[in-house]
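Step one of this worksheet: look at the structure below.
Every read-out reported here was derived from the displayed coordinates using simple, explicitly stated rules and does not represent laboratory data. Not measured: the values here are computed from a predicted model. Backbone-built Cβ (ideal geometry, glycine too); neighbour counts: all protein chains shown.
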Ligand code: ZN
């Protein structure tokens with residue numbers, strides 16, 4: 001993300017890089033008021049919503065990769081819990097009211113400073129309309145999922161794991177990352 005040019009605290013233009021006393025990372029600090037502009041990762045929260053053996057996917061209307069199918073998910077807003085963010089994104093992208101069952105996967109993408117938190121969820125109700133960020137939304141049986149047109153490899157992997165685990169009736173909890181370009185999950 002581009003570095004700010006002005007201090008968000010005082011509006012000053014004299015921003016300098018450096019490691020503040022007692023800190024471990026180089027920061028952008030304001031030489032006028034001393035405000036430190038911390039840059040922290042963004043959290044993306046979403047759900048695997050299952051309903052009678054079908055899985056809820058939304059078809060992206062927006063970049064990147066419009067037309068691909070994905071789990072409903074999006075950036076947390078300030079003041080939300082991760083669960084609230086996940087359920088709000090499901091509602092906005094699919095018109096589905098869901099309820100959280102349990103956490104399922106924590107996946108880091110350090111290259112772009114993003115963390116994906118995915119919950120297992122159950123469908124409560126489904127409206128006929130949804131928000132403009134989705135072209136379409138559907139409940140797919142596993143064999144009907146457009147596996148070759150899933151938005152991101154890690155999304156495909158956790159969906160495959162979930163479907164496999166549902167058959168066995170035992171669910172794991174996963175963490176992974178794509179730091180070296182590979183997608184890793186550990187149980
Ligand atoms: Zn300042």
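Some values worked out for this structure:
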| item | result |
| --- | --- |
| Two-decimal log10 I(q)/I(0) for the chain, as the Debye equation yields it once each C-alpha is a single scatterer, q = 0.09, 0.12, 0.13, 0.19 Å⁻¹ | -0.41, -0.65, -0.73, -1.25 |
| Sequence-separation-based contact order of the chain, relative, with Cα cut under 8 Å and 6+ spacing, percent | 20 percent |
| Relative exposure of 71, 28, judged by other C-beta atoms within 10 Å (fewest first) | 28, 71 |
| Cα gyration tensor shape of the stretch 1-43, rounded if a/c is under 1.5, else prolate or oblate by comparing a/b with b/c | oblate |
| Label-point gap, in nm, between residue 164 and residue 23 - each point 7 angstrom along Cα→Cβ | 4.3 nm |
| Nearest-0.05 FRET efficiency for residue 9 and residue 187, computed from C-beta distance (R0 41 Å) | 0.40 |
| Relative contact order (%) - the stretch 89-138, alpha-carbon pairs under 8 angstrom, separation at least six | 46 percent |
| Cα-based Rg and Dmax for the stretch 78-174, where Dmax is the largest Cα-Cα distance (Å) | 14.0, 39 |
| Förster-model FRET efficiency, 25 Å R0, residue 138 and residue 180, C-beta, rounded to 0.05 | 0.15 |
